[in-house]
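Derivation of every value follows stated rules applied to the coordinates shown; laboratory data play no part. What you are looking at is a predicted structure, and each value in this text was computed from that prediction instead of being measured. Note that each Cβ is placed from the backbone with ideal geometry, even for glycine, and that neighbours are counted across all protein chains shown.
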Amino acid sequence: MKLARASWNDLSRQQLMPTRQSLRKLKEKFPGQSQSTLLSIFSQEYQKQIKRTHAKHHTAEAIETYYQRYLNGVMKNAAAPVLLDLANEVDFAPSLMARIVLERFLQEKEQAIPSKTLINSMLRDPSQIPDGVLANQVYQCTVNDCCYGPLVDCIKHFINSSSYFLCTAEDQLRAKGYDKTPDFILEVPVAVEGHIIHWIESKASFGDESSHQAHLQDQFWSYWNRFGPGLVIYWYGFIEELDCHRERGILLKDCFPTDIVTLRHSMAQR
Amino acid sequence: MGAASGWTNKSKPSRRINPTPVSAERPLSKPKTCFTSTPVSRSPASSFEAFAAVQEGNLSSVISNSLQEEREMLKKERCKLLHQASSPAGIPFDPCTPTKPSYTRSASLPAESHLVTCANPAKVSCKKQLECLAQLYSSCIAENLVPNIFLELFFVLQLLTSKGTSAAEDGDSDPEISERNRDVSGRQHFESVHNCVYFAVRVLDYQYEIISHLEKGMLKLLAENERIASFSPTLHKRLRQAYESSTAKVSLLLPCSVQSVSFQPETDNRSNFPSDRAFHIFKKQRDIFYELLREWEDNNEKTGWDFERVLGNKIRAMMAHLSATCNHSHFARLFQKQLIQMCKGPVGGGASWGDTPDQDVLNMLGSDNLSRLKRLQERFVVPQSIRGPCPPPSFPGCQQFFRDFILSAGSYQFNQHLMDSLCLKILELNGLTLVEHEHSDGEADMEEQDEKKRFALALLSLRLLAKFLGFLVFLPYRAAEQPTRDLQDSALALRNQTLPVLDILKLLRQSIRDQRSILTIPWIVEYLSLVDHIAPFLDYYRKVFGLLLQVYRLMVLSEDKEMSFLNKLLILAVLGWLFQVPSVPEELFFTADDRQERFVMDAVTSAQALDFVPLVDQQLLYTCCPYLGELRKLLASFVAGSGGKNGGFMRKITPTAAESLAPKASVTQRKLQVDLEQAFFHNQPPSLRRTVEFVAERVGSNCVKHIKATLVAELVQRAEAMLQEKVKEEDVNHDKLLEEVCTHLYEEGAQALIKGREFCKKKGPEAVRVLLPEETSAAVLSSAESIAVELATERACGWLSANIAALIKREVKATFNRMLKVPGFPLAGEDALELRRDCPPGCQHCAPFPSQIINEIKDVLCVAVGPREEGEVVDCVWLECLLGRLSQTLQCRKFICPTSEQQLAKCTVELASLLVSDRVPLSLGIKSPEKSPERLPVKNSSACGLLKLLFSIWKEDFGTSVPVQLIFSKKNMAYLAEAKQREWDLFLFLLHGLIEHELMRTSEIQSCLHSLEELPWPSDFVKDLKRLSRVFVLEHQIEEHRTNPCELTRQSLATVTTQS
């Protein structure tokens, strides 16, 4: 899905919570875009917002306030979506809110700061949480959050591993001592839409201006510097105008290319 | 283009684009005093005053007596000619005109508006004298008595194309001048255009052989020149024939593909760096370097963009980083490789990004017109003027970037490393060997082409590298001003003590001895063209120049056995150019050195000799000496100027194919041989030795790779297993553990040598047999095989015995680090149950993506867990369909990975829990209730259907163990506890399903239920739970005797319902 810059601008300005209700609204507003593209763009914008406000929600006072509000809330009605509502109210991702409260809860219970692995494991599987009410609340948060949380991570992971069958994969390349490694290197280069490519990088996100620039700087040009021209697949689409380095050797696509020309072995011709 | 508008005598408008030379203003250039000097100009490319300025020095020439006579004669002749010629005003519009203070040799007339006089053979006077002069002059050219034969040819063509004035034509306009001229002997000989043209045509006739070897476009212009036709019909005819038979089409537009230097693990990976830090810093430097390069490419042609201002500080910061980690050698190698990559073509890059035409353009024009387009492009892209037949050395195109980079960096360390790197590469390329030439059949022809390409590539790379080496070597001595005599003497005393970086004198002597000067001289010339003003007077360089001069004198142009004509022409052209370079003192040419060296030439032509092989063609000649194109431009502008008579014919664009250079061939490293081997090879064809050495090198290297991939990989795997065991023990010291495991493996590492030997023994002979001729005798073959095996083994085992331990340690360490980084690593044992599976046969891998499925399941969970809106439901049919797609997705293993699959499994278990506790607001839609058992509500029957689907998916489709026990977690049981109407029948159905599909054992379920009873539930729920437990046990006992599960369910449900 290629998106013109103008419509992306419009889209990214939507102020919404990361819930399925918000996505539905987006879908109504932008009927032309696929759900996954909308989600990806929204998710990226939302993550930027969270990065900006992250610190605000992690002050000792904020944590204490959230925890007390949670306790009061479940005391009144344990079945109500207390945590989720709280997150929405203070404009913070539900999964992250769940993490804050869970961490605070465990700290009180164990009288020690819980390890990250333990927290992660409990977020992945809330039935490990010793308090049933909190388990439900946490689960409700992670399931409802479309930008953060173990399920979202898992979806991203799936997408990233979607084209594992091609060739020399990243781990193998690292083993050989490459200093920067794209997802795939083609040992025998192919031509995609008339452009020769030596590597493929798969991105489970939407290619917007800022993330693409960052990727160019940290990754794509580095790959070009080492392996020559290559292909980037933004599975959730990208802003059309960003595909401007084709001539120089960085190709953008939103799906696996179909127009592939491979080298005919000269031996076979003889 | 502006100049073209000056031609007023065009009879018809022409659509063609005239190749009008674009004149560079050279207000600061000071001509050299040498009578054959070239106009010296400030390189427009150069933004560095110091470098540009030194090229303008004025020499106080000390002219010795040798050849004085001949020289004087020539001088007089020229004097005569040129006194009558143009005023300095003529220079700006004719940049090809050599300038001198006293006179200019331009024979063309100053004002463009003058009509071209029609030269008439009948009006020629003093034919006899002119003939005599022509002979004399031609002999000087033929015997290489002039410093640059092409400069003379250029002059002759100027005469041929001189436009003349009415005054000159009449020859008697100014009696006073005529009178004075009579004093200067023979001045009147060149007063008229007719005489000039006559003289020129005579000389051209004598020099026909050289001319006939020039490129086709030039021949065409000569063949169509009306003056030649009218003055010498025979020459005209010969030229016509030469043109028609010529195949020497030249294109100076080589595609310049800007590519990066590829990362080669052998030289670039971590093991080549002293520390992690150095490695990572170099990683950054590489990226910064290309960033700079891209910035330069994008901007360098923009006005006001200044290299030093924009990039200078970035480059110096980079140098500081390199110095801090001693990474200069790595960077110098990258720099040098990139230099070759980008600059080996004549255009110097930046112009075209590869030669694949735009598809749109191709569609529009068709492939026929594409070549025309290419030609047109060439006219636009290839610089029209090279600033005369002897331009000063310059760094065109992309070379500019590299020169400016060196200057901005100003780093002694970097320069030193770069020089080291350049020297090594130059020596390597200079050692180029070609397979021997047997002109037997068609095949040899093909081989010859390949050889020619290889040679051209090596030569061009050598020239490029040598130019940069020369630039670096003489950079510290470069000065804006020509030093005074005193300064020069003291400088000489100082500098005579130091040794040259690269012993070019030795290389030059060797090349002459081995008859390889066609490869060596052209690059030595490039190197020397960048000398400072003092260097040529140093004892060492004096010898070099003396030797070059001798070569020049002796290289009489004719086709002979020792050297092909074009090879000679190339050497003469580059040497002639060198003698005109401003910093090369002209007295060098005219001073006969008494200490003439005797040429030592091998009596027997060695296999490495290149001079006799016809390696140079016009393409290479013009690529190396683009200034030869000035001859053609001179003729072309004459044609353009002479109006309609010739106007049309240049419109034609002769198609030329841009020849791309073949990928660089590697020169195999020479290896030392034991004496016996030497003897063995002595009487064999050289190709045998090369083959054996090649095989040894490749097999040895492959052997190491093979050992790495097999034995080492195996050992690392075992190490991984060992580490995984031990790392779980509490408080292990990782370093110590690593050391322990490695020591254990080192012993087995010794096997590498045995395996290596086996590998070489197996692969070496195979390769040798394939590569040697069939007819090779058995004895020779077996000897060659054993030598190849021996060398390969030596190479491989030498490396392995020195490095195997370190290699194992490095790999194990890397694996260990990766292992520790895996999230949740200590729990690795938990996931060990995971089963590996493959796609079903014939799988097209077109199942829905897992990401899509998990996304949709997440949505269902979302609705189930809430909060949800009024009336929000999950369509039952849609959910069934989703589970169906899940099944497909899981069956195709292509996109599934263990951790994600685990997550997916967890989600489905969650879904089951939510289903049995009536948390999923199923909409029944049009689902037909027919099949449902009578006593079940319709809703439950759809939930049952979904559960059945889940059972099958869990059992059949998941490749990982499904955590069904989560159903009994406190959280999930709470769903049931909180349900308004507890669906015990559905829960029982679920339990039976689990057993029936062997997902859990009865005892497991029993214990799960039992432990659930311990938890603090509402009292009624505990009661229900206990009842359920009893029923379940009861059912299970009955089940052992019954076969129909549906019956069972009905019975059990009845029991529970009545009880609750």
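Descriptive notes on the structure:
- Packing, taken as the mean count of other beta carbons within 10 Å per residue, orders the peptides B:290-296, B:465-471 from highest to lowest as B:465-471, B:290-296.
- Sorted by Cβ density within 10 Å, fewest first, the residues B:Arg516, B:Arg1027, B:Arg277: B:Arg277, B:Arg1027, B:Arg516
- B:Ala806 paired with B:Arg769, simple spin-label distance in nm, labels 7 Å along Cα-to-beta-carbon: 3.7 nm
- Backbone amide hydrogens, once placed in the peptide plane, bring B:Met1000 within less than 5 Å of B:Ile995, excluding anything fewer than 5 places away on its chain.
- Over the stretch B:451-616, equivalent-ellipsoid semi-axes from the Cα gyration tensor in Å: 29, 17, 14
- Each residue in B:Asp404, B:Asp287 was given a count of other beta-carbon atoms within 10 angstrom of its own, and listing them fewest first yields B:Asp287, B:Asp404.
- For residues of B:853-864, the mean tally of beta carbons on other chains within 10 Å: 5
- With viscosity 0.692 mPa s and temperature 37 °C, the Kirkwood radius over alpha carbon pairs of the stretch B:960-1043 converts through Stokes-Einstein to a diffusion coefficient of 246 µm²/s.
- Under 5 Å, built H, 5+ apart or other chain: amide partners of A:Ser205: A:Trp235, A:Tyr236
- The mean number of Cβ atoms from other chains found within 10 Å of a Cβ in peptide B:275-287 is 2, as a whole number.
- Sorting A:43-54, A:226-237 by their mean Cβ neighbour count within 10 Å, with the most densely packed peptide first, gives A:226-237, A:43-54.
- Relative contact order %, the stretch A:181-245, counting alpha carbon pairs below 8 Å whose residues are six or more apart: 38 percent
- Relative exposure of B:Leu407, B:Leu890, judged by other C-beta atoms within 10 Å (fewest first): B:Leu407, B:Leu890
- On the beta carbon distance between A:Leu216 and B:Leu1015, with R0 = 51 Å, the FRET formula returns roughly 0.40.
- Distance between the modelled labels on B:Asp875 and A:His54, one decimal in nanometres: 4.0 nm (7 Å Cα→Cβ projection).
- The ellipsoid that matches the Cα gyration tensor of chain A has semi-axes, each √(5λ) in whole angstrom, of 42, 22, 15, with the longest given first.
- In sequence order, calculated HN-Hα J values of the stretch B:704-714 (Karplus, 6.51, -1.76, 1.60; Hz; x Gly/Pro): 4, 4, 5, 4, 4, 6, 9, 4, 5, 4, 4
- Over the stretch B:208-250 - Rg/Rh using Cα atoms and the Kirkwood inverse-distance radius: 0.94
- Among B:329-335, B:569-575, B:426-432, the order from most to least packed when residues are scored by Cβ within 10 Å on average: B:569-575, B:329-335, B:426-432
- For peptide A:122-129, the mean count of partner chain Cβ atoms within 10 Å of a residue's Cβ comes to 5.
- Here the extension length gained between B:Lys948 and B:Lys302 equals 225.5 nm, from 0.36 nm per residue of separation less the Cα-Cα distance.
- Relative contact order for chain A, counting Cα pairs under 8 Å that sit 6 or more residues apart, in percent: 18 percent
- Under 5 Å from the amide H of A:Leu252 lie the amide H atoms of A:Val232, each residue being 5 or more positions distant or on a separate chain, with H modelled from the backbone and absent for Pro and chain starts.
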